[in-house]
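Everything below concerns the one structure shown next.
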Amino acid sequence: YSEENKNIVSVDNTGKVKALIPGSSFVVAKTKDGTNLTDTCYIDVIDSVHVTKVELEKTSMDLNVGEDNTIIGIITPSNATIKKLKFVSSDNSVVEITSTPRDTICNIKAKKEGTAYITVTSLDAPTVSVVCNISVKPIPETIIKLNKDTVRLVVGGRDTVKVTITPSNATYQSYSKNPKIANISDNGIIEGLAEGKTSVIVRSTENTKIADTCIV
């Protein structure tokens, strides 16, 4: 049972204590078999610490279609009782929230070209919010270029071609149309294996229509 200031804390028969208002009180456990054995717990109830300000690590982002990123909120004061934030996209077709927010962190994904903003609001203080503006750009066109159009080799000879690809994080594959005549390694080394003519090709893995060719 709650002793002294019963309006400050309440307790049920399972020992679950509920804080009602700021202040101090005692909760007592006492045997009912006549032995009157007791033990006491002192409880200090403090007032909630409310959020006064929400900031973001980044208030604007430039993303490409398909790119993922994370919005991170910063709460003031840092010891606020309720730290959870709510994240809402102004246009889910442009920028989608892809995960359940983890208190002050939320994952997003750029869906299509356009602009949108994420409103970040304190669940403790709904009038306290901040906005992250996001601009989504189309995926840059992939360009692949070899530094040589033709290579002449003797059987057993080698030469190297350099691949330039834009954007730099795009991926490609290299292969020979006739690997019995010549082959090409992943790092651009061409080796002549037999007399004849063939082509080595470097092709984008994201868009197979984009490629460049060297005649060997």
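The values are calculated or read from the model by the stated rules, or taken from the named source; none is laboratory data. Only a predicted model underlies this, so the values are computations on that prediction, with no experimental measurement involved. Positions of Cβ are generated from backbone atoms using ideal geometry, with glycine treated the same way; all protein chains shown enter the neighbour counts. These accessible areas exclude ligands, DNA and RNA; they are computed on the full protein's heavy atoms, side chains included. Shrake-Rupley method; radii C 1.70, N 1.55, O 1.52, S 1.80 Å.
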Complete set of residues in the stretch 84-114 that are under 15 Å from Leu56 (Cβ atoms) and either among the aliphatic types (A, V, I, L, M) or in contact with a helix residue (DSSP H, G or I) (Cβ under 8 Å, 6 or more places away or on another chain) (or both): Leu85, Val88, Val95, Ile97, Ile105, Ile108
The condition from (1) in contact with a Leu (Cβ under 8 Å, 6 or more places away or on another chain); (2) modelled with pLDDT under 95; (3) open to solvent by less than 20 Å² (accessible area, probe 1.4 Å) that Ile134 misses is numbered (2)
The number of residues in the stretch 120-148 that are within 17 Å of the chain's Cα centre (by Cα) and not hydrophobic (A, V, I, L, M, F, W, C) is 2
Restricting the search to the stretch 196-216, which residues are among the hydroxyl-bearing types (Ser, Thr, Tyr), open to solvent by 30 Å² or more (accessible area, probe 1.4 Å) and assigned to a strand (DSSP E or B)? Thr213
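Which of the residues belonging to the stretch 22-62 are assigned to a loop (DSSP other than H, G, I, E, B), open to solvent by 70 Å² or more (accessible area, probe 1.4 Å) and closer than 25 Å to Ile82 by Cβ?
Of everything in the stretch 22-62, those that are assigned to a loop (DSSP other than H, G, I, E, B), open to solvent by 70 Å² or more (accessible area, probe 1.4 Å) and closer than 25 Å to Ile82 by Cβ turn out to be Pro22, Ile46, Asp47, His50, Thr52, Glu57, Lys58, Thr59.
Of the residues Ile71, Ile118, which single one is assigned to a strand (DSSP E or B), farther than 30 Å from Pro22 by Cα, in contact with a Leu (Cβ under 8 Å, 6 or more places away or on another chain) and open to solvent by less than 40 Å² (accessible area, probe 1.4 Å)? Show your work before the answer.
Numbers: Ile118 fails: in contact with a Leu (Cβ under 8 Å, 6 or more places away or on another chain).
Ile71 is the lone residue from the list that is assigned to a strand (DSSP E or B), farther than 30 Å from Pro22 by Cα, in contact with a Leu (Cβ under 8 Å, 6 or more places away or on another chain) and open to solvent by less than 40 Å² (accessible area, probe 1.4 Å).
Just to be sure I understand, how many residues within the stretch 163-195 are assigned to a strand (DSSP E or B) and open to solvent by 80 Å² or more (accessible area, probe 1.4 Å)?
Within the stretch 163-195, residues that are assigned to a strand (DSSP E or B) and open to solvent by 80 Å² or more (accessible area, probe 1.4 Å) number 2.
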